[in-house]
Amino acid sequence: MLFNKRIFLLIFTVFCISVSFAQNYIITDFGAKGDSSTINTQAIQKTIDECNRKGGGKVIVPKGVFLTGTIYMKSNVELHIEKDAELRGSGSFKDYPFNNVKYPNAFTTDTKGKVHMSHALIFAEAQKHISFTGEGTINGNGESESFQLGNDGESAASRQRPCGLLIINCKNILMQGLHLRNSAYWMQNYIGCDSLHIKGIDVYNHANYNEDGIDIDARNVLIEDCHIDVDDDGICFKNHERAHICENILVRNCNISSNCNAIKFGTVTIGGLKNVKITDCNITACKDDNIRHWQRNLHFIGLPITVISGIALESVDGANIENVLISNIVMTGVQTPIFIVLGNKGRNVVGSSGNSPVGSIKNITIENIKAESYSKMPSSITALPGYYVENIKLKNIAITGMSEGTTEEGEKILPENIHAYPENRMYGEVYPASGFYIRHGKNISFEDVSLKLKEKDCRSSLVLSDVQNISFKNLVMDAPSCSTSAIKIDSCSHINIVNPSFTSEYKKLVQLNATDKKEIHLSHTNSNFEIE
């Protein structure tokens, strides 16, 4: 299988970048003071520069709280933060200079090629063999009043807040063991990088808006054994320019809590994202919610704190997302377990006079999933008219939905909403299906999928619209409590249903329009099931 070779590559990469350098440099020997009030930017930078000048080594942050502005990582330097040591960002914008990034990308560069946002607590561009290690803490001080500027989608000033780490066009990067706390903007932002290993870190990020945990635009990546609790996206794969593909990625053994999306592809998806394996992870609701308050701000949310989507694959800027395997995931406290959307926001591309084309989502396997959802927005697979999400395999999946949908809600027609921001509520806060909604899909298979309900629901378990070549084997459903059919089909072709199971006094398995009847094939099924 494809991923075996990739895993070998990742292990080789980790070996290459995990080598420690011999000589130690302690920042207090260069004048730094861990008194939580002295600005130590110059002293820390002097230490890093000296380490780099002498061929590399370990820069040690000892016990204490060391306040600093932007520091610049250099090649062959390991920044080691000891236990009970904290590198804390200054709470003032004046300590975060503008960085003239040379690598063109959609995060730091506008569509005309001008750098417009590049502030960070820790910054590196075009460096090699850089490491961040230890048992200490990097604290972005994001709760500072200076940084309380609202959501980045609503304020240009807000987008000037410093990232915790902004690592651009670097190679061989190790982030291991540290506690990352309360950045002013995204916690870690890796753009155009190659060979990245993130291991055993603990991220807590709830001090501000746009508090992502890990943002990855890189190739040859291993993320493992991490604990992430953040207000915005947990682990987020992006692509900021067309020439650099985000690829060859393994994520394993992580615990992810998010008030937004736990595992997300997008939304910035200009180039490609491919060859990604995510396995053996737990997704749960966050401990805190200081901003979102979904139960108060949306309809029909079943818990005070919830994850928007457990797994979200979103191509809306022209990216081709392909060859993705997601397996062995347990989710609790999510609104929508699986959210896959192909859209077109018409983003202008850096260095191009035109907008992004429509991308693709294909060759996706999601298996061994157990989830509990708490909204009337079920799992979904959708594309824009004239395009299809293709070659999707769903296997051994058990989802328990919140339910309580009405007959009227089951008749709801969802808008296409082609240019909308991709989120589960882009089609509305209620879907006509209780288990899965699929529109504009091709070559999709369900095998050993269970769609259960906590309470009664009058909506169909599955609603299909413009779906070509879909198969269901051993599909188990809690069928609607009203006279609605378990599966509703419209304008679909080549439908194969093998050994379905559901309990309902109405016995209506499938409802479909007249033009669809010749396209459905049933086998190994109860003769009492009805098609109308």
**Prompt:** Hey, what angle do you get for helix 41-53 against the long axis of the chain, alpha-carbon based, 0 to 90 degrees rounded to 10?
**Reply:** 90
**Message:** Taking R0 as 25 Å, what FRET efficiency do you get between N24 and D84 from their Cβ-Cβ distance, rounded to the nearest 0.05?
**Reply:** 0.90
**Asked** Which ³J(HN,Hα) values in Hz, rounded to whole numbers, follow from the phi angles of region 162-179 under the Karplus curve 6.51 cos²θ - 1.76 cosθ + 1.60, where θ = phi - 60° and Gly and Pro get x?
**Response** x, 5, x, 10, 10, 10, 10, 6, 10, 9, 6, 10, 10, 10, 9, x, 7, 9
**Asked** Going by alpha carbons, how many degrees (0 to 90, nearest 10) lie between the helix axis of 2-17 and the longest principal axis of the chain?
**Response** 10
**Request:** Could you size up the charge dipole of the chain around its Cα centre, putting +1 on the beta carbon of Lys and Arg and -1 on that of Asp and Glu, and report it in debye to the nearest 20?
**Result:** 1180
**Request:** Give the label of the value calculated from the structure for semi-axes √(5λ) of the Cα gyration tensor in Å, choosing from [x] 46, 39, 20; [y] 46, 22, 21; [z] 44, 43, 19.
**Result:** [y]
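For the chain, what relative contact order do you get, as a whole percent, if you take Cα pairs closer than 8 Å and at least 6 residues apart?
Details: 1703 pairs, mean separation 39.3, N = 532.
With pairs under 8 Å counted, the relative contact order is 7 percent.
How long is the gain from N328 to N290 if the chain were fully straight, where each residue apart is worth 0.36 nm and the alpha carbon distance is subtracted? Mind showing how you got there, number by number?
On the way: separation 38, 0.36 × 38 = 13.68 nm, distance 3.01 nm.
Length gained, N328 through N290: 10.7 nm.
Order 119-128, 205-214 from most to least packed using the mean count of other Cβ atoms within 10 Å.
Working: 119-128: 21.8, 205-214: 25.7.
Packing proxy ranking, top to bottom: 205-214, 119-128.
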**Fill in**
With C163 itself left out, Lys, Arg at +1 and Asp, Glu at -1 over residues whose Cβ is under 12 Å from its Cβ give -2
**Request:** Fewest Cβ neighbours within 10 Å first, please rank I520, I399 accordingly.
**Result:** I520, I399
**Residues in region 41-80 that a label on K94 would reach, taking backbone N under 14 Å of a point 7 Å out along Cα→Cβ** = 69
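Net charge within 10 Å of N328 by Cβ-Cβ distance, Lys/Arg positive one each and Asp/Glu negative one each, not counting N328 itself?
On the way: positive: R252, K370; negative: D280, E367.
Cβ neighbours under 10 Å give a net charge of 0.
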**Prompt:** What pairs from K33/K63; K74/K114; K112/K362 go past 20 Å between their alpha carbons?
**Reply:** K74/K114; K112/K362
**Item:** Extension gain, N417 back to K370 (0.36 nm per residue minus Cα-Cα distance, nm)
**Value:** 14.0 nm
**Message:** Using a Förster radius of 41 Å, what is the FRET efficiency between D448 and F300 based on their Cβ-Cβ separation? Nearest 0.05, please.
**Reply:** 0.90
**Item:** Listed pairs K277/K452; K452/K473; K277/K488 exceeding 21 Å between Cα atoms
**Value:** K277/K452; K277/K488
**Prompt:** Out of every Cα-Cα pair in region 348-498, what percent are more than 18 Å apart?
**Reply:** 58
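Nearest 500 deg cm²/dmol is fine: what mean residue ellipticity at 222 nm does the chain get from its DSSP H runs of n ≥ 4 alone, each adding -39,500 (n - 2.57), divided by its residue count? Kindly include the intermediate steps, with their values, before the conclusion.
Values: 4 runs with 37 residues, N = 532.
Taking each H run of at least 4 residues, the total per residue is -2000 deg cm²/dmol.
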**Prompt:** Between E145 and E519, what FRET efficiency follows from the Cβ-Cβ distance if R0 is 60 Å, with the result rounded to 0.05?
**Reply:** 0.45
**Message:** Given bins 10 angstrom wide, list per bin the percent of all Cα-Cα distances in region 57-211, short to long.
**Reply:** 12, 42, 37, 9, 0
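Within the set of other residues whose C-beta is less than 10 Å from the C-beta of V65, count the net charge using Lys and Arg as +1 and Asp and Glu as -1. Working shown, then result.
Details: positive: K33, K63, R88; negative: D35, D84, E86.
Surrounding charge for V65 is 0.
With only Lys, Arg, Asp and Glu charged, each at its Cβ (+1 for the first two, -1 for the last two), find how big the charge dipole of region 1-232 is about the Cα centre; round to the nearest 20 debye. Can you show the working numbers first?
Working: 22 positive and 27 negative charges, 209 e Å.
Rounded to the nearest 20 debye, it is 1000 debye.
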**Message:** Roughly how far apart, in whole Å, are the Cα centres of region 303-317 and region 444-482?
**Reply:** 21
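Each value in this text was obtained by applying a stated rule to the coordinates, not by laboratory testing. Note that this is a predicted model, so its numbers are computed, not measured. Neighbour counts are summed over all protein chains in view; Cβ atoms, including those assigned to glycine, are modelled from backbone coordinates with ideal geometry.
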